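Heads up, the thing below is written out as C-alpha cells.
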Amino acid sequence: MKKSKYLFPEDYMADPSVHVFEDKIYIYPSHDRESGIEENDNGDHFDMNDYHVFSMDDVDGGEIKDHGVVLSVKDIPWAGRQLWDCDVAFKDGKYYMYFPLKDQNDIFRIGVAVSDKPYGPFIPEKHPMMGSYSIDPCIFEDNGKYYMYFGGIWGGQLQRYRDNKALESALIPENDEPAIHSKVALLSDDMLEFAEAPKDVVIIDENGKPLLHGDKHRFFEASWMHQYNGTYYFSYSTGDTHLICYATGDNPYGPFTFQGEILTPVVGWTTHHSIVEFKGKWYLFFHDSVPSGGKTWLRSMKVIELEYDLEGKIKTIEGLEN
Ligand code: FUB
C-alpha cells in the first residue's frame with residue numbers, strides 16, 4: 001500500500017491507536033464531532049464525548065467494522081468534558097482502555113475502563129488513576145511489563161506540571177531551554193494505577209543534548225512506542241510544527257536519540273499516529289482534515305504502509321494531500 005487510504009469516511013475519527021488482538025487489527029480512535037465551540041489554543045473545540053472501536057481482518061483491501069459506542073462521558077462518574085486520544089492494552093484475559101478526560105475542575109486526568117472483549121463495552125473505574133495528569137496515554141508491553149507514555153503541552157496541560165507536581169502557574173520554557181518531556185511510568189500488576197512515579201522521556205540530539213523548546217522537532221503530544229529489531233522507537237507529534245517524529249533507544253525509559261521525521265504536515269492543525277506490524281508489514285495509522293475541508297476538529301483516520309531502510313531508519317512520508 002504505497003498510497004494512504006481513508007478508513008471510515010462515514011464519520012470523523014482521529015488519533016487512531018492500533019493494536020493486533022485475536023489476530024485482527026483493532027483501532028481505538030477519538031470520535032470528533034461538531035459541538036459549536038470556537039477554535040482556541042486551549043483545544044476547547046476538541047469536545048468529544050464518546051469512543052467507538054473498529055476492527056479489520058486485513059489492512060489492504062479489508063472491510064472495516066464499526067463496533068459502535070464503547071464508552072461515553074455520561075457513564076464516567078468523575079467526568080467533566082473532552083474525551084481525547086485513548087489506548088487499549090490486553091492482560092490476563094481483560095482489555096484495559098486508558099483515556100484522558102477533564103474532571104469537574106477542568107483538569108485533565110487519565111481514567112481506566114475495563115472489558116472482557118477488545119471491542120468493549122468498557123466499564124469505567126470510579127476514579128481517575130491516582131497521580132495522573134495531562135493527555136494522550138499510550139500503553140507499551142515489554143516482556144510482560146506494561147508502560148504508559150503520556151503528556152501533551154498547551155491544551156494537554158503538561159506545562160502546568162514539573163516533577164509530577166502541579167505548578168502555581170503554567171511554565172512554557174524559553175526557546176533556548178530544554179523542551180518539556182513526555183512521561184513514562186510502569187503500570188501496577190492490576191493495570192489500574194501507576195506502579196512508580198512517572199519519569200521524563202528525554203529526547204537527545206546526536207551530541208547527547210536534550211532537544212530545546214525552540215527546536216521544530218521537540219515533543220508536543222501523541223506519544224507512541226514500538227519495537228523494531230530490538231530497538232525501542234519513541235514517536236510523537238511536534239504539535240505547532242505539525243510533524244510526526246521519532247527517536248530511538250535501547251530500553252523503554254530512554255534516553256531516546258532523535259532520528260528524523262516520519263510524516264510531514266497533513267491538512268489540519270493536529271497530527272497524531274500509531275505504528276503497528278500486521279501480517280509482516282508495518283503500518284502508520286494517522287489522521288487528516290481533508291474530508292472536512294480543513295476543519296481541524298473534524299478529522300478522518302487513514303493508513304499507509306511504513307518502510308524502514310537497512311539501518312532501521314524509517315523512511316519519511318512526505319507531501320500527503322489526500
Ligand atoms: O484529539 C484531541 C487531541 O488532539 C489529542 O489528544 C491530541 O493528540 C491531538 O491529536
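Brief remarks follow.
- Gained length - Asn229 relative to Tyr6, 0.36 nm times residue gap less alpha-carbon distance: 77.4 nm
- Cβ-Cβ distance of Glu38 and Glu318, R₀ of 35 Å, FRET efficiency by 1/(1 + (r/R0)^6): the value works out to about 0.60.
- A convex hull fitted to the Cα coordinates of the range 168-232 yields 147 cubic angstrom per residue.
- Over 20 Å [Cα-Cα, the range 44-120], rounded percent: 37 percent
- Prolate/oblate/rounded label for the range 177-282 (Cα gyration tensor, a/c 1.5): rounded
- Charge tally for Lys209 (other residues, Cβ to Cβ under 14 Å; Lys, Arg +1; Asp, Glu -1): -4.
- Annotation: amide H-H contacts under 5 Å for Ile262 (H modelled 1.01 Å from N, sequence separation of 5 or more, or interchain): Ile244, Cys245, Tyr246.
- Close amide H contacts of His67 (hydrogens built in the peptide plane, cut-off under 5 Å, sequence separation of 5 or more or a different chain): Val53, Phe54, Ser55.
- Sorted largest first, extent of the range 4-139 alpha carbons per principal axis (Å): 44, 37, 21
- Peptide packing: for 165-175, 232-242, the average count of neighbouring Cβ atoms within 10 Å per residue gives the ranking 232-242, 165-175, highest mean first.
- Contour minus Cα-Cα distance for His67 and Tyr308 (0.36 nm per residue): 83.5 nm
- Cα-based radius of gyration of the range 83-177 once divided by 2.2 N^0.38 Å, which approximates compact folds: 1.19
- For the chain, the per residue solvent-accessible surface stands at 42 Å², with DNA, RNA and ligands left out and a 1.4 Å probe.
- Computing Rg and the Kirkwood Rh from the Cα coordinates of the chain gives a ratio, Rg/Rh, of 0.92.
- Sorted largest first, the principal axis extents computed over the alpha-carbon atoms of the range 249-322 equal 41, 28, 20 Å.
- Förster radius 35 Å - calculated FRET efficiency between Asn175 and Lys145, Cβ distance, rounded to 0.05: 0.45
- What the phi angles of the range 2-9 give under the Karplus curve with 6.51, -1.76 and 1.60, with θ = phi - 60°, is a coupling list of 8, 9, 6, 9, 6, 9, 8, x Hz, glycine and proline written as x.
- Percent carbon-and-sulfur accessible area, the chain, ignoring ligands, DNA and RNA, probe 1.4 Å: 47 percent
- Where the alpha-carbon atoms of the range 1-83 are placed on the principal axes, they occupy 37, 30, 19 Å, in descending order.
- Per-residue HN-Hα couplings for the range 83-94 [Karplus 6.51, -1.76, 1.60; θ = phi - 60°; Hz; x = Gly/Pro]: 7, 9, 3, 10, 8, 10, 10, 10, 8, 6, x, 10
- Over the range 113-230: Rg over Rh, Cα atoms, Kirkwood Rh: 1.00
- Cross-link pairs Lys5/Lys313; Lys5/Lys199; Lys5/Lys315; Lys102/Lys165; Lys102/Lys281 - those with Cα-Cα distance over 29 Å: Lys5/Lys199; Lys102/Lys281
- Judged by the mean number of other Cβ atoms found within 10 Å, the most tightly packed of the peptides 100-109, 56-65 leads the ranking 100-109, 56-65.
- Diffusion coefficient, µm² s⁻¹, Stokes-Einstein with Kirkwood Rh over alpha-carbon pairs of the range 54-93 at 4 °C and 1.567 mPa s: 98 µm²/s
- Those lysines that a straight Cα-Cα span of less than 22 Å connects to Lys94, excepting residues fewer than 8 apart in one chain: Lys24, Lys65, Lys117, Lys126, Lys145
The values are calculated or read from the model by the stated rules, or taken from the named source; none is laboratory data. The structure presented is a predicted model; accordingly, all values stated were derived computationally and were not measured. No Cβ is skipped: glycine too gets one built from the backbone with ideal geometry, and neighbour counts run over all protein chains shown. The accessibility values were calculated without ligands, DNA or RNA, using every heavy atom of the protein model including side chains. Shrake-Rupley method; radii C 1.70, N 1.55, O 1.52, S 1.80 Å.
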